[in-house]
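Reading through the structure tokens given below for one structure.
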Amino acid sequence: MKIAVITPIQHLNGVLDLIKTKGDVFLLESGTKTQVRKLLLDNHIDVILCNPNQQTYKIDSNLLQGTNVKLINTCSTGMNHIDVEYCNNNNINIFSLTKDYDLIKQLPSTSELAFGLMLSLLRHIPQSKQHVSEYKWDYTKFVGRQVKDLTIGIVGFGRLGKIMYNYCESFGADVKVYDPYKQSEFDDRFMLNTNCATLKKLVESCDVITLHVHVTPETKYMINKEILGYSKKSPYIINTSRGEIVQEQDIVTALQQGIISGYGTDVIENEFDDLTKSPIIKAMNEGENIIVTPHTGGMTIEGQTKAYMWAINKL
């Protein structure tokens, strides 16, 4: 078996050694799409090992057509970096971590980042750091919000949403949840008062809204001008899911109009395109209260090592 590794792995102890036990390994950890295609063709690659976080292109027909690739093994739960329809139509299997529950319950990294983005927005941490770097010392510009006295809304009560719920609750916040597919989990007395039957109800009542859902036709652009119009507290929005969950231009407009107070995101819609075209990054650079991190949610040494080892052993 010939395996092309097109994601960085050499910083993770033992991962390269493990994958070498599965076949002939060809490393191209940060190649362009053209370079990856050449690697696939020249070496008759059977398997691609990938991860979306550093990838600047999509694995699609332009990359795969005419190659020997039979399997794409992604060390992620999301698959928006792969043209799934093309692969299904061309007998190319896809392995992901989406349903590997024994593994992913050990991976809270993305929720940890979501909580960090929330605190950074609420306490103006990036701006405070920049202020002090200019040898200034005026706290009055950075008076923030206290988590304990806020109402925080969790959209999506899967693995990461539940972890985020626990973090926020442990800080004393009033936490509410919207997830129409998890109603049975709200039946006990403890969870009953946290359930929001509609997204509108959650948006109306929350100071912070944090998103923890997969991209589906139902969730794509679920946070948009219409739904944000129901907000009464000028909430902060946190997104560590996928850029497509929000209508990005609507986020920018809502910030400019004071409908929301800030946007913290680890993802943008067109991560595999020219980043200068991103309305979110552009607005951040123009001074809007936005924090963007480069899809670092699962990128911890501990989390990556567990995920990559698990994915490789699936071979």
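The values are calculated or read from the model by the stated rules, or taken from the named source; none is laboratory data. These figures come from a predicted structure and were not determined experimentally. Ideal geometry is used to build each Cβ from the backbone, glycine not excepted, and the neighbour counts take in all protein chains shown. The protein model used for the area step is the full one, side chains on, heavy atoms only, and it has no ligands, DNA or RNA in it. Shrake-Rupley method; radii C 1.70, N 1.55, O 1.52, S 1.80 Å.
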Inset, instruction - Can you give me the number of residues within segment 264-298 that are under 16 Å from the mean Cα position of the chain (by Cα), in contact (Cβ under 8 Å) with a residue 60 or more places away in the chain and part of a loop (DSSP other than H, G, I, E, B)? - result: 9
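Just for segment 270-315: of the residues that are among the charged types (D, E, K, R) and over 28 Å from residue 70 (Cα atoms), which one is modelled with the lowest pLDDT?
The residue in question is 274.
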Legend entry - Subset of segment 274-292 (residues that are over 20 Å from residue 53 (Cα atoms) and of a type in the set (Gly, Ala, Ser)): 283, 287
Inset, instruction - List every residue pair whose Cβ atoms sit under 6 Å apart, with the two residues 6 or more apart in sequence or on different chains, where the first one lies in segment 250-263 and is over 11 Å from residue 283 (Cα atoms) and in contact (Cβ under 8 Å) with a residue 12 or more places away in the chain and the second, anywhere, is open to solvent by less than 10 Å² (accessible area, probe 1.4 Å) and assigned to a loop (DSSP other than H, G, I, E, B). - result: 254/260; 260/235
Legend entry - Residue list for segment 299-315, filter: part of a helix (DSSP H, G or I) and in contact with a strand residue (DSSP E or B) (Cβ under 6 Å, 6 or more places away or on another chain): 311
Legend entry - In segment 206-230, residue farthest from residue 107 (Cα to Cα) [restricted to those that are of a type in the set (S, T, N, Q) and at pLDDT 95 or above]: 224
Inset, instruction - Could you check how many residues of segment 90-116 are in a loop (DSSP other than H, G, I, E, B), out of contact with any Lys or Arg (no Cβ under 7 Å at 6 or more places or on another chain) and open to solvent by less than 50 Å² (accessible area, probe 1.4 Å)? - result: 5
Inset, instruction - Could you please find all residues in segment 117-143 being open to solvent by 60 Å² or more (accessible area, probe 1.4 Å), closer than 23 Å to residue 208 by Cα and either modelled with pLDDT under 95 or among the hydrophobic types (A, V, I, L, M, F, W, C) (or both)? - result: 125, 141, 143
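If you check 210, 151, which single one turns out to be touching a residue at least 60 places away in the same chain (Cβ under 8 Å), in contact with an Asp or Glu (Cβ under 8 Å, 6 or more places away or on another chain) and not hydrophobic (A, V, I, L, M, F, W, C)?
Being touching a residue at least 60 places away in the same chain (Cβ under 8 Å), in contact with an Asp or Glu (Cβ under 8 Å, 6 or more places away or on another chain) and not hydrophobic (A, V, I, L, M, F, W, C) holds for just one of 210, 151, which is 151.
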Legend entry - Of all residues making up segment 66-89, the number that are among the polar types (S, T, N, Q), surrounded by 18 or more Cβ atoms within 10 Å (Cβ to Cβ) and part of a loop (DSSP other than H, G, I, E, B): 4
Legend entry - Cβ pairs under 9 Å, 6+ apart, first in segment 96-122 and touching a residue at least 24 places away in the same chain (Cβ under 8 Å) and closer than 18 Å to residue 308 by Cβ, second open to solvent by 20 Å² or more (accessible area, probe 1.4 Å) and among the acidic types (Asp, Glu): 106/302; 107/302; 109/302
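With segment 3-65 as the region, which helices (runs of 4 or more DSSP H) entirely inside it contain at least 2 residues that are in contact (Cβ under 8 Å) with a residue 12 or more places away in the chain and open to solvent by 60 Å² or more (accessible area, probe 1.4 Å)? First the steps, then the outcome.
Details: elements: 15-20, 33-42, 61-64.
Passing ranges, in order: 33-42.
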